[in-house]
Amino acid sequence: MAILSRQPVSISDVVAVARGGDPVSFASVTERDMRSSRAIVEAALASDEPVYGLNRELGAGRDVVVSPDRIAEFQARTIRNSSGGIGEPLALDQVRATIFARLAGFARGGAGVTVELARRYASLLNDGVHVHVPRSGSVGAADLTHLAAIAAVASGSGRVIVDGVTVPGSLDPLALQAHEALAALSGNSYSVGVGALVLHDLARIVNASDRVVALSVAATGGNPSPFSLAIQSAHRSIGQAASAKRIRALLLEPVGEVSTQDPVSFRAAPQVHGAFAEAVTAAAASVTLELNSSTENPLVDLDTGRMISGGNFQVVGLAIAYDSLRVAIGHVAATSERRIARISGLQADARRAGRTRVPGLLWYSAASLVAEIKSLANPVSLLVTPLSEGVEDHSSNAALALQQLERSAALTRDVLAIEAISAAEFVVLGGDIPLSDGLQELVDVVAAHLDEPADALVAAVSKYLFQPDSPPELTGFKEPAADFGSLRD
């Protein structure tokens, strides 16, 4: 049970609700806060004070009066006009993450919605309603089109998905009160909620990438010295040292001579993977910040009792974090492809002799994926377009930055799976390479699927590598002086 209260909301909470199906409820103090917030909205309406989105229109019409007799029509029109999303619908877990993130915003009181509307949103989660939310439409200044699709269903219209088929929503009509339409849309709930899911998945790549590197090192008889505690202590990067420790734990003492120095993609893997892990942690901090912030415009401020126009919907920091993560994961994929190339070269004789079972051009597929990953690493948070007659003249593109990160992660998982396949087949062909239990298990999984077509082989290994098995907590790295000693063997 996820109980929304004054306590912080975490990425784990989002995952538990979106994927674990945890029900949602409100603490009594939360309902009191929402009622107090709503009272501020009603007082502002009664005072006839000009307030954006309450008694004034939106966007370029911000100074156009909305008369009392048009308040109800204004709510319906706001939802209808914002329902401009297009494209494939979001998966159920993504819809649930988006609803939960917006509901967390309601619970903080800054939105000024009625308790009845908040309860309706909770019922969407608790009843398992799969709202049809088109993927594209947000420019990152509040995810308006995504949230309009949800608000439409919550108020009694919109579309839902039942048994894979999109049908009209069938909830009882719920008349939106003054300001509730805008309040329902005032959040980057898609970029934050779905971002929490993507970061949770990226945490699996942190661990799996080190396991794959360890197999490549073991398979090729690589030099283990770059992963030593002496090297890591000399640099004292926590993310790097954690990566090296995971690799060390999977390697046995080398048998026979090893190269004095392996290619950079092997010996500098902890540096690359550590940078990626730290980027994941930084992005997780940004997502957690947004989950626990009031981003509504106008903000219903419980302290002053006023509705205040602001710009907390502008999540540039989050968009930059997603941009940075695509660069970081690009380095993970690029170095993986280089190791694949190295292993492919070592297998050339076996391939000519017809002893290999994995298609040699699987390496080409990895190269193709990495080319796309590199293209996706270009920043998009600066690709803004002035909208609403120049009033909305800047945005973050957080949603696009997230979607490209989601794609980059999927491609990187396949690249790492191809590396694992290449290294595992090299072990199988060698026959006498000693491995730790953790690496032997990976080799056995690959060996069990070696005779399958390339796409099925990659899918099977990827599924094994990135199964949801307790990914690391995204709580941030401690300072080296405080935590480095824990990374000793």
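The values are calculated or read from the model by the stated rules, or taken from the named source; none is laboratory data. Model, not experiment: these values are computed from the prediction. Cβ placement follows ideal geometry from the backbone for every residue including glycine, while neighbour counts extend to all protein chains displayed.
Of the set (1) assigned to a loop (DSSP other than H, G, I, E, B); (2) in contact (Cβ under 8 Å) with a residue 60 or more places away in the chain, all apply to Gly330 but (1). Elements of the type helices (runs of 4 or more DSSP H) sitting completely within the range 337-455 and holding at least 3 residues that are of a type in the set (Val, Ile, Thr) and surrounded by 22 or more Cβ atoms within 10 Å (Cβ to Cβ): these cover 398-430. Taking Leu182 and the conditions (1) at pLDDT 95 or above; (2) at negative phi; (3) not polar (S, T, N, Q), which numbered condition does it fall short on, given that it satisfies the others? Here Leu182 meets the rest and fails (1). Within the range 156-175, residues that are not assigned by TED's automatic domain parsing to the domain that holds Ser83 reach no partner that is in a loop (DSSP other than H, G, I, E, B) and at pLDDT 95 or above with beta carbons closer than 6 Å at six or more positions or on different chains.
Checking the structure you have, find out if any residue of the range 20-34 is over 18 Å from Ala118 (Cα atoms) and not in a loop (DSSP other than H, G, I, E, B). There is no residue in the range 20-34 that is over 18 Å from Ala118 (Cα atoms) and not in a loop (DSSP other than H, G, I, E, B).
You will find that of Val370, Val316, the residue that is of a type in the set (Val, Ile, Thr), touching a helix residue (DSSP H, G or I) at 6+ places or on another chain (Cβ under 6 Å), touching a residue at least 24 places away in the same chain (Cβ under 8 Å) and outside the structural domain of Pro8 (by TED's automatic domain parsing) is Val370 and no other.
Of Asp262, Asp210, all but one fail to be in contact with a Gly (Cβ under 8 Å, 6 or more places away or on another chain) and among the acidic types (Asp, Glu); the exception is Asp262. Among the residues of the range 386-429, the one identified as among the acidic types (Asp, Glu), touching a Leu at 6+ places or on another chain (Cβ under 9 Å) and at pLDDT below 95 is Asp393.
Listed by position, the helices (runs of 4 or more DSSP H) contained in the range 203-282 that have at least 3 residues being among the basic types (Lys, Arg) and surrounded by fewer than 24 Cβ atoms within 10 Å (Cβ to Cβ) are 238-250. Among the conditions (1) within 18 Å of the chain's Cα centre (by Cα); (2) within 26 Å of Ser12 (Cβ to Cβ), the only one that Val139 does not satisfy is (2). For Ile320, the conditions (1) over 30 Å from Arg56 (Cα atoms); (2) modelled with pLDDT under 95 are fulfilled apart from (2).
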